[in-house]
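First up is the structure itself, then whatever we jot down about it.
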Amino acid sequence: MDTMSATNGPAELQRALERKQARRRLMAAAPFPEKIAVVVQLQARFAPILRARGQEYRVWRLESPGQMKREV
Amino acid sequence: MKKALEVLNQLERDGVIARYAIGGAVAAIFYMEPFATEDLDVFVLPPDSSRGLLTLAPIYDALRALGYREDRECMDVEGVAVQFLPAYNALIAEALREAAAVDYEGAPTRVLRAEHLLAIMLDTARPKDRQRFAAFCEQAPLDNERLQDILKRHGLLERWRTWTP
């Protein structure tokens, strides 16, 4: 694994930030239904953690593109 | 999602709501990278709003009659937790009037415009609005002239200056 040296650290950090920004721009430009699918994936990831803490958390379930069902 | 939007469109055709548009987190996600949210916030103009009434009861009654059920503060509509919010101030009423028409996999719908969403974040000013604000400014396609006009008319310029570096 590469480590950042004192000299190339800022440049590597800059490149990493640029890559992150590029990914965000890509995600921001994605079609709305694809973004909604990502939201549901995030809900599914968070739900077990939050439920383990005693919090209610809703998860939608995509049965097919554009159709969601609530997780029971 | 498509089916839920079709139900909202049916409510509008039936006159249960005069007009609706997607707001909140899901509207923000329309313009920026997705993040986790539980609810689909839907701003509505009830038909009786011209008489000063902003009750959501007819919407809930109509959805119950269609077989949908409440889930905490939301209605479970075709698997989507929909939270109905009346257009409770002039900014939101304007945002609802000027919402952008959007097609969701063949289902027509409306999403609040990015400039109005930003103004609502500034107006509401909850911690999560502040948290979302910077990313939204960076990613959403904002018409600065339109934004400044909205902020000026709704008295939000000072907060805009405070929140922007």
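What's the average, rounded to a whole number, of partner chain beta-carbon atoms within 10 Å of each residue's beta-carbon in A:24-36?
Per residue, the average neighbour count from other chains is 6.
Can you figure out the FRET efficiency of residue B:57 with residue B:135, using R₀ = 35 Å and their beta-carbon distance, to the nearest 0.05?
After rounding, the FRET efficiency stands at 0.45.
With just the Cα atoms defining each centre, how far is the range B:127-157 from the range B:58-73? Give it in Å.
The range B:127-157 and the range B:58-73 have Cα centres spaced 33 Å from each other.
Please give the net charge around residue B:26, taking every other residue with its beta carbon less than 11 angstrom from that of residue B:26, where Lys and Arg add +1 and Asp and Glu add -1.
-2
Can you work out the FRET efficiency for the pair residue A:52 and residue B:89, with r the C-beta to C-beta distance and R0 = 45 Å, to the nearest 0.05?
For residue A:52 and residue B:89, the calculated efficiency is 0.70.
Tell me the trypsin sites (Lys or Arg not before Pro) within the range B:93-165 that lie in a loop according to DSSP and have at most 10 other beta-carbon atoms within 10 Å.
Sites meeting the loop and neighbour criteria: none at all.
Can you give the average number of partner chain beta-carbon atoms within 10 Å of each beta-carbon in peptide B:34-45, as a whole number?
If you average over the peptide's residues, the count of other-chain Cβ atoms is 4.
Counting each DSSP H run of 4 or more residues in chain B as -39500 (n - 2.57), what helix-only mean residue ellipticity at 222 nm follows after dividing by all residues, to the nearest 500 deg cm²/dmol?
That comes out to -14000 deg cm²/dmol.
Please state, as a whole number in µm²/s, the translational diffusion coefficient that the Stokes-Einstein equation yields for the protein assembly as shown at 20 °C and 1.002 mPa s, with Rh defined as the Kirkwood radius across alpha carbon pairs.
The calculation lands on 111 µm²/s.
Between residue A:23 and residue B:161, what FRET efficiency comes out of the Förster formula 1/(1 + (r/R0)^6) with R0 = 35 Å and r the beta carbon distance, rounded to 0.05?
The value I calculate is 0.70.
Report, largest value first, the span of the C-alpha coordinates of the range B:2-163 along each principal axis, in whole Å.
47, 36, 29
Net charge around residue A:22, counting only other residues with Cβ within less than 13 Å of its Cβ (Lys, Arg = +1; Asp, Glu = -1)?
Overall, the nearby charge balance is +3.
When a footprinting reagent is the concern and you count Cβ atoms within 10 Å, what order do B:85, B:117 take, fewest first?
B:85, B:117
Where in the range B:3-96 are there trypsin sites (Lys or Arg not before Pro) that are in a DSSP coil and have at most 16 other Cβ atoms within 10 angstrom of their Cβ?
Here the trypsin sites (Lys or Arg not before Pro) that fit, given the DSSP loop and packing criteria, are B:72.
Every number here is computed from the coordinates shown, using simple stated rules; none is lab data. What you are looking at is a predicted structure, and each value in this text was computed from that prediction instead of being measured. Backbone-built Cβ (ideal geometry, glycine too); neighbour counts: all protein chains shown.
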